[in-house]
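The next block holds one structure in the form of structure tokens; read it before the comments.
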Amino acid sequence: MKLDETLAAAYEDFDLNVRRLEELISQLELWSDEYTINHKKEEVRLPEYMELHLNLEAFKTELEEQMNKLDQEEVLKEALEQAKTRIAERLKAYEETESIIHNWIKEIKNPYMLINNSSMLQKHRAYLESIINQEM
């Protein structure tokens, strides 16, 4: 495989991952729109959120590493700049959605009961506590 073909394949993989990031953010936005309007089934919704959040954060890290590798290639500079702009726009939307969800979490009447009753939430207690203790 020639270098150009290798770079093209690497960029194609990267572009697919950018689209995947956009899909994951859209899933979180839909989740937020549907479930942060009330506090029904918090014991189900909070672990769902954590799973979505963790998947998105892991994927975001993976995408950043991939972008850093591709950033070394001069021939991809323009395409990467466009992709970085797309990513930045979607990450801004992600931050806004996270803010809405964090406010929802802060409004849970007894979040520690939910955390204590879920092994998954217990693993991420520090993260959840950082949200609960943020000022609104």
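For mean projected area of the Cα convex hull in nm², one of [x] 20.0; [y] 9.5; [z] 10.7 was computed from the structure I shared and the rest are decoys. Which label?
Read-out from the structure maps to [y].
For the stretch 12-136, what's the relative contact order in percent, using C-alpha pairs closer than 8 Å and at least 6 residues apart?
For the stretch 12-136, the relative contact order is 34 percent.
How long is the stretch 95-136 along each principal axis, judged by its Cα atoms, biggest number first, in Å?
28, 19, 14
Could you check how much of the accessible area of the chain is carbon and sulfur, as a whole percent, using a 1.4 Å probe?
In the chain, the share of accessible area belonging to carbon and sulfur is 50 percent.
So, in the chain, how many Lys pairs have Cα atoms under 17 Å apart, if the pair is 8 or more places apart or on different chains?
Final tally of qualifying lysine pairs is 10.
With a 1.4 Å probe and every protein chain left in place, work out the accessible area per residue of the chain in Å², rounded to a whole number.
Heavy-atom SASA per residue in the chain reads 63 Å².
How many angstrom lie between the Cα centre of the stretch 11-60 and the Cα centre of the stretch 75-95?
Between the Cα centres of the stretch 11-60 and the stretch 75-95 lies a distance of 19 Å.
Per the Debye formula with a single identical scatterer at each Cα and no solvent contribution, what log10 I(q)/I(0) holds for the stretch 1-70 at q = 0.27 Å⁻¹?
Normalising to I(0) and taking log10 leaves -1.14.
The values are calculated or read from the model by the stated rules, or taken from the named source; none is laboratory data. Being a predicted model, the structure only gives us computed values, none of them experimental. Heads up: the accessible areas ignore ligands, DNA and RNA and are worked out on the full protein's heavy atoms, side chains in. Shrake-Rupley method; radii C 1.70, N 1.55, O 1.52, S 1.80 Å.
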